[in-house]
1. Straight distance only, please: which aspartates and glutamates reach the Cα of Lys71 with their own Cα at less than 18 Å, same-chain residues fewer than 8 apart left out?
2. Cross-link partners among lysines for Lys5, C-alpha distance below 16 Å, same-chain residues fewer than 8 apart left out?
3. Considering the Cα trace of the chain, what is its radius of gyration and what is Dmax, both in angstroms?
4. Taking 0.36 nm per intervening residue step and subtracting the Cα-Cα distance, what contour gain separates His268 from Val181 on full extension?
5. Please list, in chain and number order, the residues 5+ apart from Thr477 or on another chain whose amide H is under 5 Å from its amide H, with Hs placed from the backbone.
6. Once fully extended, how much extra length lies between Thr479 and Met170, figured as 0.36 nm per residue of separation less the alpha-carbon to alpha-carbon distance?
7. Which angle between 0 and 90 degrees, to the nearest 10, do you get for helix 150-165 versus the longest principal axis of the chain when only C-alpha atoms count?
8. Pop out the ³J(HN,Hα) list for the range 188-201 in order, Karplus 6.51 cos²θ - 1.76 cosθ + 1.60 with θ = phi - 60°, rounded to Hz; leave Gly and Pro as x.
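Just so you know, all these numbers are worked out from the coordinates, no wet-lab data involved. Being a predicted model, the structure only gives us computed values, none of them experimental. Note: ideal-geometry Cβ built from the backbone for every residue, glycine included; neighbour counts use all protein chains shown.
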Amino acid sequence: MNRFKVLLYSLTAVVCVILILYGLNVYPTPGTDSRVFIPTALLYSHGLGLINPLYDVSVVGVATDIHNAIKFNYYVPFFPMLLGSLSRVHPGIKTIFFICSLFSIASLFLYCRTMISVLPERIGTALKMMVLFSVVYVSTYLIPTVGRPETITVLLVFMIFLLYNKRAGMNAMLYNLLICVIFSVMFATQLICFYFCFLFFVTFELLNTSDVFRCIWVNAARFAVIALVFYGILSASPHGFADTINTIRLHAASAMTRIDRSAKLFIHYWLLAPLNFGFLILFLLCTFFYLRSLFAHFKRNSVITIILVSALQLMILYGIARFILYASPTVYNATQFILPLSVYLFLSILSLPKGFLKTTVNTLTIATYVAGTIVFLRVFILFIDYKNDRKDFAAARPLINGFVHNGKNVYITVNLWPLVDDVDDVKFFDSIHFKSGDTLIIQQMYLPFANEFLSKCTIIYDWRTAEKRKFLGIPLTNTPQGYSFTVCRVN
């Protein structure tokens, strides 16, 4: 094994250890969407079924549970069911996020192994550096405490990508079995992921087949098997197939009316967000190479193939507009394809002749990977600061539970929910609806103690820390990254 491979494997191993540390330390603090899926997994691990008392789906304008049974029936259920089942060996928040980190490192290891297998033996120093930076860069998409289904769909998408590229050397029956199983699990985990992945899969099938009609019926048969297994998974879930599909339809119809989109939000979520910094650049570069390849295929494909593939591309474009661009924060529906996108980009760069185009693409790609690596390093430095500050998950948990269990009308800010032992004890507050005698626990990271509370509340416990964090004199953030908080009683 040459030095570059050793270095690549070593770097991947180091990043994998960091991701495991994040999972075990519940860092970074779980985002808002985590309370949709992770409490459900936690309660499922305790044998309480698919329920979630922490997420009121009616806040998006539709009631999917008219009997107020706190059902988790507004998303396909495989993600929380899987996490809940696996964590039954030792139920708990740390266990669940540790399991999430295992999926993340599996994705990263497969990415590393794939890069080694697809790259030529001899590549230039610039490309080697690009590959090394890419490993750290893609890790920003794999943070385990995000707590969304993309934790496993990133891996599932990449497995489909790898299987397709190894199809020629595989037994046909085994290949089709694996394809159908993985797609079925994907379908029961994230509907939009399946929509795009299956359309791209069939697109490449059609472009690379010599028998179009056989390709059509084979993929029709695959879809039938996938749909049957999907039906089986949902039927076996606590709420059954009909209830789940009906409530997903209601929830989706309401969610599609979101208005959180603007040029400013688009730039933030697609270009500047720490979890997928610079994604727009990679997305546009891959789109360019994809369209270039598509037109090249069209020159040598039959008319029927061109018509069918064009129809699939229209469905993909419709999906991008309908399911991704309808709200700026839903960029995660695209970022879950980051691993095959990155491999595809490298292979496309290798195929380019020397010249202005290759230089431009190399520059944009390496700049994105380097910038994303800096973002990853910043988060890791803040993790060290988080541990040194002693305002971490382990220290905060007994304090929070002491207040929650020993008082009445205790309300917490949303992102403190993982600290409470019993999710049934969690009560959220907003900055408007609270009354005299209420106890408010306000997390410092996402909601600093606002000045307007000073005249309305009395601080009874202050567990805050320094606001601004620096490294070697360089400012890193204006808010601490731990679980520091303030407890106050409303006057």
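1. Asp33, Asp56, Asp243, Asp422, Asp424, Asp425
2. Correct list for Lys5: Lys128.
3. 24.0, 77
4. 27.7 nm
5. Here Arg469 satisfy the definition.
6. Contour length minus the Cα-Cα distance gives 106.1 nm.
7. Tilt of helix 150-165: around 10 degrees.
8. Per-residue couplings from phi come out as 7, 10, 8, 4, 5, 4, 4, 3, 6, 5, 5, 5, 5, 4 Hz.
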